[in-house]
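All remarks here apply to the structure that follows.
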Amino acid sequence: MTPAQAVETVFRIESARIIAGVARIVRDVGIAEELAQDALVAALEQWPRDGLPDKPGAWLMATARHRAVDLVRRKETYARKLAEVGRALEDVPPPPEPSAPDDIDDDLLRLIFTACHPVLAAEARIALTLRLVGGLTTQEIARAFLTSDATVAQRVVRAKRALAKAGVPFEVPYGADREQRLASVLEVIYLVFNEGYSATAGDDLVRPALCEDALRLARVLAGLMPGEPEVHGLVALLEFQASRMATRTGPDGEPVLLADQNRTKWNRMLVRRGFEAVSRAGTGPYSLQAAIAGCHATAVRYEDTDWRTIAALYAGLVRLIPSPVVELNRAVAVSMAEGPEAALPLVDALAEEPALRGYHLLPSVRGDLLERLGRRAEARAEFERAASLTRNARERDLLLGRARSL
């Protein structure tokens, strides 16, 4: 790995914490992101020359915070405050805000709640938070939303401007304000986990650091809001999904399909935590997805999976959140419960969905059904098309391998 690649890798892992930490000083998420980028530029200049520091994440954080302090000192409106604080601001983390019974001492969660402020449209809240907290690129966010790169870029820029103009405080809200932002916060945590669980682009199928951050934030949120069933539903879903992480890739990083995973290596502690959270979940979208994941977790072998129950749960999920992606997942479950001939019409009905035109899993699923029906030439063409649509190198290799096998 070259020094430049090392810088980019470390920054991708640490950027959310850096932005959150700096935002406590400057109280503006847009400026905080710019200062984090400044620290990245400084690392790109210095690390190739001086070598990788012992604690690269701490180096980036210190550099960004020093620049934040310098910026605050240049603001005339902060002159009196800085005269009182003096040099201690450089060496000591910003003082915590006054504690309250349901306060959260977590900068990342503060950052999420700030970016999910009602002053922003729902799409803008989620796009901005994925950018700041998940460290996702514009292209990756566009992929998650099945929309264009330009649309996402505009949402992020406008969102940062709107937060600055409204003077939104960098804090975790209380009472009704917190409840109002909860749905967006849950969706952001869910999408950050999904990007770590199955990366939309790059050379690696999984990005464990994103999954760990998302799961930790979900657990903190469950502790903060124990009476919210959907929070527990999300926790359960992420616990179940995280339990399989070690088996999703082979020794060389290649994808391992669910049917081929060694279930004895699934993390049983996380599975238990998942079932504990399910017991406190409700009947909302995350709770239903957790129930689906729980069905997989209870099957000792792939052949033991209760696909009829999973198909029924997906049918319920479609009624709650009509979505072509959920319909596609339901079709997969139907194919396992009733056979590929029952599922192919469901998949074909999704072919004209605008949101799925560039979605590689649609031809991938169709290719799998056609292969099981013995229509090998058609299946090969679908796998090749799916490979051309994915931006993840590992998935592309898998899909091309399936095409070659036909």
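The values are calculated or read from the model by the stated rules, or taken from the named source; none is laboratory data. Since this is a predicted model, take the numbers as computed values, not measurements. Counting neighbours? That spans all protein chains shown, and the Cβs are built from the backbone with ideal geometry, glycine included. Heavy atoms of the whole protein, side chains included, go into the accessibility calculation; ligands, DNA and RNA do not. Shrake-Rupley method; radii C 1.70, N 1.55, O 1.52, S 1.80 Å.
Charge dipole (Cα centre; +1 on Lys/Arg Cβ, -1 on Asp/Glu Cβ; no other charges) of the stretch 186-335 amounts to roughly 480 debye.
Between 112, 247, 278, the Cα set farthest toward the positive side of the dipole of the chain (charges on each charged residue's Cβ, about the Cα centre) is that of 112. Packing order of peptides 114-126, 344-356, 2-14, highest average first: 114-126, 2-14, 344-356 (average count of other Cβ atoms within 10 Å over each peptide's residues). Note that the stretch 288-380 presents 47 Å² accessible area per residue, ligands and nucleic acids not counted, probe 1.4 Å. Angle of helix 376-389 to the longest C-alpha principal axis of the chain, folded into 0 to 90 degrees and rounded to 10: 10°. Per-residue 3J(HN,Hα) values for the stretch 293-306, derived from phi via the Karplus relation 6.51 cos²θ - 1.76 cosθ + 1.60 with θ = phi - 60°, read 4, x, 4, 5, 5, 7, 7, 5, 10, 4, 5, 8, 4, 7 Hz in sequence order (x marks Gly and Pro).
If only the Cβ of Lys and Arg carry +1 and only the Cβ of Asp and Glu carry -1, the dipole of the chain around its Cα centre is close to 220 debye.
When the Cα positions of 166, 51, 334 are compared along the charge dipole of the chain, 166 comes out farthest toward the positive end, with charges on each C-beta of Lys, Arg, Asp and Glu. A protection proxy built from the mean count of other Cβ atoms within 10 Å ranks the segments 183-195, 262-274, 231-243, most packed first, as 231-243, 183-195, 262-274.
The count of lysine pairs in the chain whose Cα atoms are under 28 Å apart, excluding pairs fewer than 8 places apart on the same chain, comes to 4. Of 303, 371, 254, the residue with the greatest mean-square motion in the GNM of the chain, using alpha carbon springs below 10 Å, is 303. Shape class for the stretch 326-393, computed from the alpha carbon gyration tensor (a ≥ b ≥ c): oblate, with a/c not under 1.5 and a/b at or below b/c. Charged neighbours of residue 35, selected by a Cβ distance under 9 Å, balance to -1 (K, R count +1; D, E count -1). Only one item in (i) 22.8, 77; (ii) 21.2, 62; (iii) 21.9, 73 matches Rg and Dmax of the Cα atoms in Å derived from the coordinates shown, and that item is (i).
Across the accessible surface of the stretch 253-406, with the other protein chains kept in place and a 1.4 Å probe, carbon and sulfur atoms take up 53 percent. Give the separation of the Cα centroids, the stretch 1-65 to the stretch 345-406, in Å. Each part's Cα centre sits 39 Å from the other's.
The accessible surface of the stretch 119-159, taken with every protein chain in place and a 1.4 Å probe, is 50 percent carbon and sulfur.
Of the residues 225, 69, 261, the one whose Cα sits farthest toward the positive end of the charge dipole of the chain, with +1 on the Cβ of Lys and Arg and -1 on the Cβ of Asp and Glu, is 69.
Sorting 47-58, 30-41 by average packing, meaning the other beta carbons within 10 Å per residue, from highest down gives 30-41, 47-58.
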